[in-house]
Amino acid sequence: MSSISVHPLDPHDIPFYAIPTPRSTAKPFKLSVIPAGHLSIPGSLFVEGYEGNAELEDYSFLIEKADGQRLIWDLGLRQDLKYDAITKDAAKAYHGEAPTSVANVLSSQNIPLDSITSVFFSHTHFDHVSDISAFPKSVSIVLGPREKEPSTDDLMNEFKVDRSGIDGREVRFLSNDEDQWIDVGCFKGFDYYGDSSLFILSTPGHHPGSISLLALTSLYPCPTYHILAGDAAHHISLLRGATIGTYKAGENPAKKWNSEAEGNKDQSFEQDIERSARTQTSLGRMDQEPNILVWLAHDSSMKSIVQSSPGSIHHLIGDMEEMSKIKRRTEEDFRGKPIVFGLGGRRVELERNMKKAAKQEDADLHAGH
């Protein structure tokens with residue numbers, strides 16, 4: 001089995017451009033997490049010789065504007081894996097579980113589905129699209145830029161729905177040519193509302209048209225932001241000081257269901273490995289900012305933060321103090337432990353964090369004398 005080397009990038013080598021200052025009319029968003037399923041994937045897919053399964057959460061996000069408008073970021077797995085036979089077999093290969101759906105959770109929390117304006121999809125893998133047909137036709141779909149805009153039949157295949165789920169529904173594809181993309185942090189971003197409160201970020205590598213969302217969540221003492229990054233990475237340790245080296249791919253249990261057009265899936269989950277490496281490093285650079293927090297769709301380290309079960313909604317506090325607590329807590333959860341997630345199988349060991357922790361312990365020890 002061949003190894004694939006990805007040259008480690010230093011986050012400090014990635015240019016960082018200031019996030020445009022929110023306009024006076026901009027208001028922070030209320031952000032909430034919705035647990036939307038669980039996956040259990042053989043660790044040998046990521047690291048040769050790894051025993052047992054890697055446990056992955058599946059998160060969706062509710063984004064609420066001050067004027068009452070509501071958006072959804074990703075929908076997670078479909079309830080009870082009610083897909084077509086081929087997709088269901090693939091989901092079972094990853095031990096997918098989804099006892100409820102985002103649509104059901106919203107309804108149970110007295111949030112009418114017709115109050116949702118749009119659903120943004122980081123990408124269209126089956127564990128992110130659930131069942132869009134559960135939402136009324138007034139709910140539009142927003143997708144990242146593609147080289148070629150898919151047909152209705154293509155969308156039916158991607159979203160695992162029949163024609164009635166797509167027909168009559170607005171589907172907006174962001175355009176690299178027609179939409180204005182500007183420098184936002186380490187990425188190109190599209191100012192969705194025109195007031196610098198919500199940016200769509202182009203975060204390529206995992207899947208054609210992969211995007212992330214940067215949302216303003218507080219204005220004081222300075223603007224603070226959450227980045228919803230989908231599958232740009234599969235564990236936050238890859239963004240917070242992990243060292244990256246050569247990885248060896250394992251046998252993908254669902255490779256026979258994957259399209260060759262999406263890359264060499266028997267070696268990687270990534271459509272473009274090199275671009276994924278840069279995207280992850282760039283997210284890591286942005287996450288170093290004290291007023292920015294990155295959330296990943298499958299980040300199991302956040303389970304202790306969210307502490308929510310299927311059927312619940314967990315509101316996130318968007319200020320810098322809360323962000324700092326979350327970053328410290330997640331770092332403590334994985335400090336000193338080998339992490340197996342990455343670009344289709346990189347072996348990641350948190351040597352940098354361990355050295356940092358050791359230096360801090362030495363400093364604390366000397367300070368005590």
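May I ask you to list pairs of residues, at least six apart or on different chains, whose Cβ atoms are under 6 Å apart, with the first in the range 12-28 being in a loop (DSSP other than H, G, I, E, B) and the second being exposed (fewer than 14 other Cβ atoms within 10 Å of the Cβ)?
Close Cβ pairs satisfying both conditions: 27/66.
Being surrounded by fewer than 16 Cβ atoms within 10 Å (Cβ to Cβ), modelled with pLDDT under 80 and in a helix (DSSP H, G or I) is the filter here; which residues of the range 313-332 pass it?
328, 329, 332
Looking only at residues in the range 241-251 that are surrounded by fewer than 24 Cβ atoms within 10 Å (Cβ to Cβ) and in contact with a strand residue (DSSP E or B) (Cβ under 9 Å, 6 or more places away or on another chain), which one is modelled with the lowest pLDDT?
Within the range 241-251, the match that is modelled with the lowest pLDDT is 246.
Filter the range 181-200 down to the residues that are assigned to a strand (DSSP E or B) and among the charged types (D, E, K, R), then identify the one that is surrounded by the fewest Cβ atoms within 10 Å (Cβ to Cβ).
Applying the filter and picking the extreme gives 183.
Output the residues belonging to the range 201-214 that are surrounded by fewer than 24 Cβ atoms within 10 Å (Cβ to Cβ) and part of a strand (DSSP E or B).
Passing the criteria: only 202.
Of all the residues that make up the range 41-93, how many are closer than 30 Å to residue 217 by Cβ and either open to solvent by less than 10 Å² (accessible area, probe 1.4 Å) or modelled with pLDDT of 85 or more (or both)?
Counting residues in the range 41-93 that are closer than 30 Å to residue 217 by Cβ and either open to solvent by less than 10 Å² (accessible area, probe 1.4 Å) or modelled with pLDDT of 85 or more (or both) gives 25.
Which ranges mark the helices (runs of 4 or more DSSP H) fully within the range 94-180 that have 3 or more residues being free of Cβ contacts under 8 Å to residues at least 24 places away in the same chain and open to solvent by 10 Å² or more (accessible area, probe 1.4 Å)?
The qualifying helices (runs of 4 or more DSSP H) are 152-159.
Which condition does residue 132 not pass, out of (1) under 25 Å from residue 289 (Cα atoms); (2) in contact with a helix residue (DSSP H, G or I) (Cβ under 6 Å, 6 or more places away or on another chain); (3) hydrophobic (A, V, I, L, M, F, W, C), if it passes all the others?
That leaves (1) as the condition not met.
I need a count of the residues in the range 215-240 that are of a type outside the set (Gly, Ala, Ser) and at pLDDT 90 or above.
Residues meeting the conditions: 11.
Which condition number in (1) touching a strand residue (DSSP E or B) at 6+ places or on another chain (Cβ under 7 Å); (2) within 22 Å of residue 33 (Cα to Cα); (3) among the basic types (Lys, Arg) is the one that residue 78 fails?
With respect to (1) touching a strand residue (DSSP E or B) at 6+ places or on another chain (Cβ under 7 Å); (2) within 22 Å of residue 33 (Cα to Cα); (3) among the basic types (Lys, Arg), residue 78 is out only on (1).
Looking only at the range 137-175, how many residues end up being among the basic types (Lys, Arg), farther than 18 Å from residue 75 by Cα and touching a strand residue (DSSP E or B) at 6+ places or on another chain (Cβ under 9 Å)?
Count: 1.
Within the range 89-123, track down each residue that is within 22 Å of the chain's Cα centre (by Cα) and within 19 Å of residue 41 (Cα to Cα).
Those that are within 22 Å of the chain's Cα centre (by Cα) and within 19 Å of residue 41 (Cα to Cα): 90, 91, 92, 93, 94, 95, 96, 97, 98, 99.
The values are calculated or read from the model by the stated rules, or taken from the named source; none is laboratory data. Given the structure is predicted, the values throughout are model-derived calculations rather than measurements. So basically every Cβ, Gly included, is an ideal-geometry build from the backbone, and we count neighbours across all protein chains shown. Each accessible area value is taken on the protein alone, full model and side chains, heavy atoms only, with ligands, DNA and RNA left out. Shrake-Rupley method; radii C 1.70, N 1.55, O 1.52, S 1.80 Å.
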